[in-house]
Amino acid sequence: MPIRLPLSVMLAAPLLIATGEPIPRITSDSQEYCTELVGRLARLPGAGGEPARSLGADGMRLCEEGQPRAGVAKLRRAIRAAQAPP
Amino acid sequence: MTPPPIPQEDLPNPWDPLLRFLRSAGFRFALLFAVVFSSAAAGFAFVLWFATAGSLDRQTDAALRTDALGLMERWREGGPGAVSDAIAERLAADVENHAIYLLLDPRGVRVAGNLDRWPAAAGQGPDGPWSFAFVAREGISVEARLYTMNLGEYRLIAGRDIEEKQRLRDTLAEGIAWSSAAASIFALVGAAVLRRALANRLRPATRTAEAIAAGDLSRRVPSSGLEDEFDRLGESMNAMLDRIDRLMEGVRGVSDSIAHDLRTPIARARAKLEEALADTAEPGALRAAIEQAIADLDHITRVFGALLRIAEAEAGARRAAFASFDLAPVLADVAEFYGVVAESRGQALVTELPDRIDLVGDRDLLAQAVGNLIDNALKFTPPGGRVLLSARSLPREGIEIAVADSGPGLPIEDRARAGERFFRADASRGTPGSGLGLSLVRAVAHLHGGDLVLGDAEPGRLPPGLRATLRLGIA
């Protein structure tokens, strides 16, 4: 059974932030990643079929509306749908 | 006038009631209940936690390990490029948005993944490649589980955002905390109820004991009708009180009997001595009076001696003198001694004794007890009558020594009282004796783990005769 994050680390976390040590940032909830996923979807042979196409369109729209996380989620579902065997 | 100062040790301690409460059995039982109940609740919470939160952690680690092994395989197949492609594919298909990857080249430059820098805590923890770290997702710090490994000179992190699982864990922890609080309240309430129930069930016994201590010896513990341990305790107390009552009655009876039975020989000796003193002219009469007085005093001494022996036997004081011996020759000696007495009265003393009776006991007391039984039998058997002394050793019941006579027997209503000190049946008032013989026999029987049983020697015959059976414990 894994050991949970020790209390000392939890207490130290804000301290690290406070001392200027930046915590790593997840980059896959961004507009750039949306663009990367749109390109990947377009390269897939099943991208034109449903529901991949509509999911991709929804994802792109959400990304353009400034909701990259929701957009990325839609695009990922579109990619998974496009990868699925017919 | 000022009152004298109270000594310090006589002052009541203000903590006494609390200390008494803490030392009470009720409190201790209640505490035990609370501890057992709380332990059970803690055990339940532990199992629940292990089966839920622990299971989530184990699932996360298993998924990460599988993920890392897959990437390692890709590394072996195609190097850094293959791993980069695999990471991009996995991130693209991560609908749950939990996956975290980072692949750094030997210079520390990011090659693939969705983490902008290497977390300081990654691979630094006590679990080797496993660690927890905080990462920022859309500006919010979330907790992540990371697995770190080296692929040649490249470094790889495979991780999962466990924030949702953490929220589930927090919800579960909150639930367990509330449950623990509820369990603690139940434990305390249960303990209080248990203590109260215990006190209520013990109250009748306590009140009875208090009433008896205050002098009301007639009080007994009432039964609740539940026939539980407390009722059995009450019954035991009542049996004990009845026994004490009987003993006190016996002591009172013995005192009365001593006063009554010894007053006569003392008064007679005194009268004889006074008479002799007044009539000093006749030396013969004086001598006879003195001899009679000595005989009376000897009788009193014998009575006291018998009383002392009975008391010793009843108290078990002579158990230290117990030894292993053969009872058969002892009985034969006693029969021989009384055989002479029987012959002189025209009676027959017959014996039916086995060759050997092994026994652990007090030889002298047993000889005297059997002698008392034969003496009694001879006393009440008419001339020409027959007294039978028999003994047998039974494997289960122990040893039986029986003395049967052809005398008038003893009425059933007198048999229960025959072992009491100074008791004499109406029919025996005319015969000499102190009423202590059977008391000693019974005391000796009890000392040897047995009893004295009286019955008809020959039921149906007139007179039936008396059969006194001395039963002794197994040797």
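Every number here is computed from the coordinates shown, using simple stated rules; none is lab data. Quick caveat, the model's predicted, so the values are computed rather than measured. No Cβ is skipped: glycine too gets one built from the backbone with ideal geometry, and neighbour counts run over all protein chains shown.
Values as computed for the structure displayed
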read-out: Amide H contacts under 5 Å for A:Arg25, placed H, 5+ residues apart; value: B:Asp116, B:Arg117, B:Ala136
read-out: Eligible lysines near B:Lys272 by straight Cα distance, threshold 26 Å, same-chain separation 8 or greater; value: none
read-out: All-pairs alpha carbon distance profile, the range B:229-313, 5 Å steps from 0, percent; value: 3, 12, 13, 14, 11, 10, 8, 7, 6, 4, 3, 3, 2, 1, 1, 0
read-out: 0 to 90° range, to nearest 10: angle between helix B:327-344 axis and chain B longest Cα axis; value: 20
read-out: Degrees between helix B:437-447 axis and first principal axis of chain B (Cα, 0 to 90, nearest 10); value: 20
read-out: Computed over chain B, Cα set: Rg, Dmax in Å; value: 47.4, 153
read-out: Loop sites in the range B:104-169: trypsin sites (Lys or Arg not before Pro), DSSP, at most 13 other Cβ within 10 Å; value: B:Arg107
read-out: Taking all pairs of distinct alpha-carbon atoms in the protein assembly as shown, Kirkwood radius in angstrom; value: 35.2
read-out: Descending semi-axes in Å of the range A:38-86, equivalent ellipsoid built from Cα gyration tensor; value: 18, 9, 8
read-out: Radius of gyration and Dmax over the Cα atoms of the range B:328-430, both given in Å; value: 14.4, 41
read-out: Residue-by-residue Karplus 3J(HN,Hα) for the range B:157-170, coefficients 6.51, -1.76, 1.60, Hz, glycine and proline x; value: 10, 10, x, 9, 6, 10, 4, 5, 5, 5, 5, 4, 4, 5
read-out: C-alpha long axis of helix B:25-51 to longest principal axis of chain B, angle in °; value: 30
read-out: Estimated vicinal HN-Hα couplings, Hz - the range B:106-121 in sequence order (Karplus 6.51, -1.76, 1.60; Gly, Pro = x); value: x, 8, x, 8, 5, 9, 8, x, 10, 10, 7, 7, 6, x, 4, 7
read-out: The range B:210-288: GluC sites (Glu not before Pro) in DSSP loop, at most 15 other beta carbons within 10 Å; value: B:Glu227
read-out: Exercise: per-residue mean of other protein chain Cβ atoms within 10 Å, A:24-36; value: 6
read-out: For B:181-193, mean number of other protein chain Cβ atoms within 10 Å; value: 0
read-out: Cross-link reach list, aspartates and glutamates versus A:Lys74, counting only Cα pairs under 17 Å and skipping chain neighbours closer than eight places; value: A:Asp29, A:Glu32, A:Glu36, A:Glu50, A:Asp58, A:Glu64, A:Glu65, B:Glu89, B:Asp94, B:Glu96
read-out: Chymotrypsin sites (Phe, Trp or Tyr not before Pro) within the range B:94-177, DSSP loop, no more than 15 other Cβ atoms inside 10 Å; value: none
read-out: Residues whose placed amide H lies under 5 Å from that of B:Val387, excluding near-sequence neighbours; value: B:Ala348, B:Leu349, B:Val350
read-out: Top positive-direction residue, dipole computed over the range B:229-313 with Cβ charges, set B:Ala278, B:Leu247, B:Ser257; value: B:Ala278
